[in-house]
1. Taking amide H atoms as placed 1.01 Å from N in the peptide plane, list the residues 5 or more away in sequence, or in a different chain, whose amide H sits under 5 Å from that of B:T211.
2. Tell me the trypsin sites (Lys or Arg not before Pro) within the stretch A:72-111 that lie in a loop according to DSSP and have at most 10 other beta-carbon atoms within 10 Å.
3. Can you work out the FRET efficiency for the pair A:W99 and B:D226, with r the C-beta to C-beta distance and R0 = 60 Å, to the nearest 0.05?
4. Can you give me the span-like helices of chain B, meaning DSSP H runs with 27 Å or more of Cα extent along the axis and Kyte-Doolittle mean at or above 1.6?
5. Under a GNM of chain B (C-alpha, springs under 10 Å), which listed residue has the highest mean-square fluctuation: B:G203, B:G86, B:G183?
6. Quote the FRET efficiency, to the nearest 0.05, computed for A:Y145 versus B:L32 with a Förster distance R0 of 35 Å and r equal to the Cβ-Cβ distance.
7. Describe numerically, in nm with one decimal, the distance between label points set 7 Å from Cα along Cα→Cβ at A:L195 and at B:D168.
8. Which one, B:D106, B:D168, B:D158, has the greatest fluctuation when you compute a Gaussian network model over chain B with C-alpha springs under 10 angstrom?
Amino acid sequence: MAATLAEHPTEKRHHWIVRATHWVNVVALTLMVGSGLRIFNAYPMFARKGETFCCWPWEGHAIPKWLTFGGWLAGARNWHFAMMWVLAVNGAVYLAFIWLHGEWRDLAPRRGDVRDAWEMIKFYLFVRKTHPHQGKHNALQKSVYFALPWLGVLAVLTGLAIWKPVQLAPLTALFGGYVWARYWHFLVMLTLVLLGLGHVFMVFAVDPQSLRSMVTGHYDESRSPEALNARPLLRFRPRPVMTIGRGQGDRGQGTGERGQGTGDRGQPADRPSAPAAMAADAGKPPPPSDHPAFSAPAVGTQRDVDASGDADSSAGDADRAAHATVAAPPSVAVDAEVDAGETEDAPELGDSGKEAGR
Amino acid sequence: MMDRRRFLALGGLGAAALIAEACDSRGPKSVLPVLRWAERRNEGVERVLFRHTSMDHAASERSVGRKMPSYYISHAPPVWDPAVRGAWALEVGGAVRKPLRLTLEDLAKLPRVTQRINHYCVEGWTAATQFTGVRVSTLARLAGATPDAGYVDFQSFDDGYHESWDIDSALHPQTLVAFMREGRPLSSWYGAPARVHSPVKLGYKNTKYLTKVVFMPQRNGGYWSDKGYEWYGGT
């Protein structure tokens, strides 16, 4: 850890329980999906004998063998019914931990998440130039990480419903009977797999560093997707001068929560590099940046920077904007403030700024 | 730093290779004892969940019995040939005070139950079907099964096919020795002259072509159970 700190100031992002349950989940879920697909292949359709099924276009089409695990039906069932406990207990440990330790707050939906998610989509589609300001996760990530545990619960319940359709008949009836419970079980698995594949793609395409943070727990905020203004497969290097300014910046303060402060992470206390003054600034909106006269002239510079393909990046947080003013050339500093203005519920400011810049 | 990265990359590659190799495989043999242990733990959970009052009813009327698949382990549907084996009779024995030998006529005279229930196959399909027969619990009472009989073995003339059950599932009110299906005597495709049928166990536990019902203090495995399918196989 000391060596890492010498290179970049990093923060502890994931508790070891979160990291351990994550990797156990990777193994358990992979084996559950593989063995489940092998079980499905024993009867790769949903219809009852003598009936048809409305809602599956690929009735009778088996899953390719290489995607399955367990070798044969009984082997796959034995794996499935053993791994289910690992999956369920591991999930329960994770959920209990984030509940007791407060990490659930990073995932719980908040007002503005829908708009923030829309801003992320706009950014990824090149409609928006700068990475929206975010907390630990961006709004899209957050929604997925929030949905996954619920999907897990659904997977367990639908699984129980088709495991014990007679002894747990009320549960099976709740899902519409055995055939439908089996269908929901399959669809929940499909959703989990698609979200999981998207997650893995985004890790490598937009934030490879998060892989490190899920192993060692440490995360270098100066190389976050927001700091690098990174889109999938398009990661830009920040200018060194910005790295210095940003390295000082405190994230997680009022991040995405509109100045309320997240409370349990990113406190100045556990960041030796942050000046004491940061604590006073934390969570307060930046006084000067809201003023159009202040930001308008600089936006042209920002567009130039973007057009040249260089990274600018965004700093978004009020604190960081303030620090960028100290460390970075004026143009960058002000452009950061424009972005800060956007995150302070005033997207029009950025838009009007663009108009002014033209 | 680079060393660690390389190490992690190698680890990831190794894991990927293991997974690729594991695909479509039964997994490492060394895990089999763990899987067997987990199966016994699951059996414990299933026994706790088991209720004699949990009943199954087939919801759909229209498809009753229309497409109930048939299966047996012999090369052709096993047929009881009286010329070779003598008259068919069901033996009820083992841990009982009064062993029984019941002809089909004897069975037909006993109190019978007709039920339209689901057949749950281990493969994942279900079929609605109607069976008529005598409750195994009735046979147990008539034969006077002793308290040490914790298991029942259902044996057949289908090439040695048999499956043993826990006594609780065998005495479930919906567990029948069935001799009629859809109001007609069983055909050789469906286990004539008599078979076990119950919605509380997966299809493979329901022995067809029945010859013997043996109450036992110990479990006795079964045709598919011995090959690796769950011995309990409850629904």
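Quick note: the coordinates plus some simple rules give every number you see, no bench work behind them. Remember, predicted model here, so these are calculated numbers, not experimental data. Quick reminder, even Gly has a Cβ in these numbers, built from the backbone with ideal geometry, and neighbours come from all protein chains shown.
1. The list, which skips near neighbours in sequence, is B:Q155, B:S156, B:F157.
2. Counting only loop positions with at most 10 other Cβ atoms within 10 Å, the trypsin sites (Lys or Arg not before Pro) in the stretch A:72-111 are A:R111.
3. The value I calculate is 0.85.
4. none
5. With Cα springs under 10 Å in chain B, the top fluctuation among B:G203, B:G86, B:G183 is at B:G86.
6. After rounding, the FRET efficiency stands at 0.50.
7. Taking the two extended label points, one gets 3.5 nm.
8. Highest fluctuation of the listed residues: B:D106.
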